[in-house]
Structures are given as C-alpha cells and as structure tokens.
Amino acid sequence: MTEPQRALPDPEDGADESEADQPRRAAEPGHFRWAMVWTALGALIPGLGLWHGGRRVAGSIAMGLFAALLLTVGYLGFAGRDRILALATNVDVLNGLTVGLLVLAVAWVVVIAASHLALRPPHPSATQRVAGGVLVGVLSLAVAAPLAIGAQYSRSTAQFLGTVFTEDPGSGPVTPGAPTPSNPFGDKDRINVLVIGADSGTNRDVRLGLRADSVMVASINLHTGASTLFSLPRQTARIPFPKDSPLHKYYPNGFYDGVNGGNDEYFLNAMYNNIPERIPHDLLGKVKNLGAEVMKIGVGEALGLGKLDYYVIVNMDGFKSFINALGGITLNVNYRIPIGGKTTEGVPPSGYIEPGPNQHLNGRLALWYARGRYGLTTGDYSRMERQRCVINAVVQQAQPQVVLTNFEKIASAGANTIETDIPRRVLPDMIDLALKVKGTNLHSVVFQPGVAGWVSANPPWPAVQRRVQQALQETDQAEGGKTTSSSSSPTATTSATKKPTKKPSGKSEDLSDSCAYHPAK
C-alpha cells in the first residue's frame, strides 16, 4: 500500500520561507498596544525595542553602546570630585561633550523611531499610525530635550571659560618647589586676589580707558576658606613698588609726582591707565594685562602681601546683567542711597533707594547701592562699605539651584563682565576653595581715617601692613582656622612675625554684622 503523498506548499503562499528569516512582529494585528509598550521600553533602554522586534543585531549593538555609556558615566562618578571638576573645566572636553550630547540625542531618537517601526503591525490602521507617531514624538522629546539642554550648557561653559580665563601654560620642566597641576598653589597657605571694580561704561569717553573705580584685595586661607577683604580708597597716593621690581626704577618713591600727594594723575585709580603709557610694554614680561599687573605688584607691596597672585576686573556696567542673571540680591539698606546725581555739577539724583531690611534689588538698583554717593557726607568711604556688602551678598546668596536655573544668563553676563588672569588649570581648586569660602563669614578692613593712622595723600604703609597681618590673624581665629602668614615672600613673613609697637586702630569687621540692618538715626 503506497504512502499517501503530502501536499506540497504553494509557492505563492510563501510557506517555504522560514519564520526565523522574518523580522519578529511582537505586535500582530490586535496586539498594537504591546508595540506601544515595547516602544516605550525601547526608549528607556535603547536597542531593547529593536531586539524584541526582530532586529537582533542592531538591537544588540545599541544596547551594548548604551551599556558602555552607563559604565563610563559610572566610572566618572566614582573617580572623585577632583577628576570631575578637572573635566568640567576643560574647554576641549566641554566642546567634545557638546558634540557628543547632540549626536547621542539624534541617535537615540532614530533608535526610538526604528524600534516602533519594527514592532508595529505590518499594515497599521490610520489610528494606529497617528497614535504611534504621537508616542514616538513624545518619547523623542523626553529624551532629546535634556540632552540638548546639556549640550547648550556645555557650550556656554566652554565659551565662558575660554573667554574669561587664561590659557593653560604649556608643559615643560618643573622647577623644584614650583606648583604642579596636582598642587597648583605650591606650599602657600593663602592666595591674594586683586579685585578691581571698573568703570568703562557707555557714558565714559573711550579715550579715557578703564577707570579703577574701586580696589579691594581678597586674602583667602587655602585651608579653611577664611577670607578678609582689604579696601583701599581710589584716591590713595604713593603706592610703593618693591626694590627688586623693574617698576621701582621708574617710581623709586612710589607712584608719586614728588610734589603733591593730591595729584589725581598719581592716585591708585590712575595706575591702571597711566603707568602702562610711561613704561616699556615688555617691562614685566609677557602678561595678559599690563595695567592690572602693575596694580598687583603695587597694591601687594603696599599691604605687605608681596605680589598678589591673581586679579579680577569686574566691569560695573556689565555687573547689572550679572546680578539680574542671579535673580537679584537681598541687601539691608540703612540710609537713603541716591540713584544717579552729580555732586560737583549740582545735578540731583533721579531717585533714592529707601531704607529697609532685606530689600531684594535687581541689577540696576544693586549697582546704585554699590556706587551711589551724591550728598553722602562720608562719600567714597560709605560706598566702599556698601561694595563689600554686595560682594558678601553674591557669595552667600548664589545658591546652586539658582545658578543652574539661570546658568546660561550667568555665563553670558560673566563673559561680558569679568576679566581675570586666573589660569584654567587651577579652576578645580578654585571651585573647591569657593565652596570653603561660602561656608564662612567674610571679614573686611577699610583703610580710612581712624584706621592705622590712615591719610590718603601720604599713607603710613608700615602701620597699614601691621594692620593687614593682624586682620588676617583675627579672621583665621574667628573662623576657627589656623593662623598663617599671608605669603611666602620675605617681606610678608617679616611683617607677620614682627610685634607691632602700637596696636593698630579698629578691628576687622564680620560682614554678616556690618551689613546687617541697623538704620541710621
């Protein structure tokens, strides 16, 4: 008996094709909802949707790359804050991250779309097409938007760092005792930063150049962050230069005409413009800003701190944008502060900031809080006090969440407002130091009549230097840190160890107290 023949498959039916050769359709007709679920899962784990939809090779590659990315992020997370800060302040890394985030966003969106196409039924209805398109759009936006924002932040940071901070010096032989990338400050106990409030505004003749409207030195303990601000009046005369400086040859008696201590062409605020015009441009070597370098040397010598480590110039007009980017600052106003006005020309102010506690000021009002002086009997000295309060407010009130929320505005305002010679290689350490400073109370000394025998036309520099050293010790003790000398320079060490013959006048102020609300009677 012959075995019955089995029916041969009809080639037209396509039954000779192996199921393994066909892409898996997880969402056959009637199972569209599963296609939606797996599309969403494939957005969370890129490649999973492709793999489940039968695109095994493509899905495996996508998941492998995603896993590698997670491992890299995890490695950096455990590499320590120092490593993260070093990468976050590297302009090349930030530019690369900008491109990488954009590429990742595009690739992720493509994977989401491809996953849905692999998962949906072969012949979706119009409703299914619309629903699938909406889901893919929502998932793509949820993935791409944060990556695009991250790319923009990375780009803004790179532009800010590249514009404001100096190029890292090239690698070369390291001299014994010199700072290294792992120890950029060497064996110093503190750094001293010159802060210049500059007036180069729209109403100022450009031929006059930048005017150093306010001059302060921030001396910061590297171990504790304890900081003291020293303010010098802009009309200070006879700023000295150390004997071993090339500037001493040109100004052996300090920045002084030799006749009149009241000559405003030889005041502290005239040094920035006038000295560079009278000396060879290469006298101090290759420097970023000759006027600022001159002031670093002169002011550091005057205060007995040795040459100051860095300078920061804050353009006062751009300062308004910076404060606005922070969302404003809150200050106590103890007396009426004029807005505008010119005392010598008899032009009255356009208004006043009225007294009151905890006043939230925008950039324009914060600027006038720091600069207003029309009709004030103490003139520049009261303004110097208020400027310290503004600095204290920025340091204490610049909360991380505010900075992150307004990062682009802050970075843009900072790039247009700040100039400095701080090199990018020390930024990680400076960020660490800034966090220490934020956890302390700022202290300050204003050199004015009644402090260390101060006379602007002929300052008693030895008494001033003794006052500086005492103030540093007071700050260190008040903030619970160890007392240190201000510099490793011989001059500063001698001043620190020499017992003053007469106790200097006044005591360094805690800005949290001096900037509190105590209205004038």
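The values are calculated or read from the model by the stated rules, or taken from the named source; none is laboratory data. Every value quoted in this text rests on a predicted model; they were computed, and no experiment measured them. Quick reminder, even Gly has a Cβ in these numbers, built from the backbone with ideal geometry, and neighbours come from all protein chains shown. When the accessible area is computed, the model is the full protein with side chains, heavy atoms only, and any ligands, DNA or RNA have been set aside. Shrake-Rupley method; radii C 1.70, N 1.55, O 1.52, S 1.80 Å.
Listing for the model above:
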| read-out | value |
| --- | --- |
| Test result for residue 78, modelled with pLDDT of 90 or more, open to solvent by 30 Å² or more (accessible area, probe 1.4 Å) and of a type in the set (Phe, Trp, Tyr) | no |
| Condition met for residue 395 (modelled with pLDDT of 90 or more and aliphatic (A, V, I, L, M)) | no |
| Those residues of the stretch 369-398 which are open to solvent by 20 Å² or more (accessible area, probe 1.4 Å) and in a loop (DSSP other than H, G, I, E, B), in sequence order | 373, 374, 375, 376, 377, 378, 398 |
| Of residues in the stretch 244-272 being polar (S, T, N, Q) and surrounded by 16 or more Cβ atoms within 10 Å (Cβ to Cβ), the one nearest to residue 213 (Cα to Cα) | 269 |
| Condition met for residue 262 (in contact (Cβ under 8 Å) with a residue 12 or more places away in the chain and more than 24 Å from residue 472 (Cα to Cα)) | yes |
| One residue from 149, 84 being under 30 Å from residue 432 (Cβ atoms), in contact with a Leu (Cβ under 7 Å, 6 or more places away or on another chain) and free of Cβ contacts under 8 Å to residues at least 24 places away in the same chain | 84 |
| Residue in the stretch 60-75 that is nearest to residue 431 (Cα to Cα), counting only those that are surrounded by 17 or more Cβ atoms within 10 Å (Cβ to Cβ) and free of Cβ contacts under 8 Å to residues at least 24 places away in the same chain | 66 |
| When residues of the stretch 459-468 are limited to those that are part of a helix (DSSP H, G or I) and over 22 Å from residue 311 (Cβ atoms), the one least open to solvent (accessible area, probe 1.4 Å) | 467 |
| Sole residue being touching a Pro at 6+ places or on another chain (Cβ under 6 Å) and either modelled with pLDDT under 90 or of a type in the set (A, V, I, L, M, F, W, C) (or both), chosen from 339, 313, 329 | 339 |
| For residue 401: the one exception among (1) closer than 23 Å to residue 230 by Cβ; (2) open to solvent by 30 Å² or more (accessible area, probe 1.4 Å); (3) not β-branched (Val, Ile, Thr) | (1) |
| Selected residue (criterion: surrounded by the most Cβ atoms within 10 Å (Cβ to Cβ)) from residues of the stretch 273-293 that are aliphatic (A, V, I, L, M) and either without any contact (Cβ under 8 Å) to a residue 24 or more places away in the chain or farther than 23 Å from residue 195 by Cβ (or both) | 290 |
| Sole exception among (1) crowded, with 17+ Cβ neighbours inside 10 Å; (2) touching a residue at least 40 places away in the same chain (Cβ under 8 Å); (3) over 23 Å from residue 462 (Cβ atoms); (4) of a type in the set (Val, Ile, Thr) for residue 297, by number | (3) |
| The one condition in (1) surrounded by fewer than 18 Cβ atoms within 10 Å (Cβ to Cβ); (2) under 33 Å from the mean Cα position of the chain (by Cα); (3) among the polar types (S, T, N, Q) that residue 154 fails to fulfil | (1) |
| From the options 323, 329, 337, residue that is over 28 Å from residue 468 (Cα atoms), open to solvent by less than 10 Å² (accessible area, probe 1.4 Å) and touching a Leu at 6+ places or on another chain (Cβ under 7 Å) | 329 |
| Residues being outside any loop (DSSP other than H, G, I, E, B) and within 23 Å of residue 413 (Cα to Cα) - total across the stretch 322-355 | 8 |
| Residues of the stretch 238-284 that turn out to be assigned to a loop (DSSP other than H, G, I, E, B), basic (Lys, Arg) and out of contact with any strand residue (DSSP E or B) (no Cβ under 9 Å at 6 or more places or on another chain), as a count | 2 |
| Subset tally (residues that are closer than 30 Å to residue 267 by Cβ, open to solvent by 50 Å² or more (accessible area, probe 1.4 Å) and in a helix (DSSP H, G or I)) for the stretch 405-458 | 1 |
| Hey, residue 93 among the aliphatic types (A, V, I, L, M) and either within 24 Å of residue 35 (Cα to Cα) or assigned to a loop (DSSP other than H, G, I, E, B) (or both) or not | no |
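Each row is one residue, and each column tells you yes or no for (1) modelled with pLDDT under 90; (2) out of contact with any helix residue (DSSP H, G or I) (no Cβ under 6 Å at 6 or more places or on another chain).
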position	(1), (2)
412	yes, yes
452	yes, no
460	no, yes
464	no, yes
468	no, no
487	yes, yes
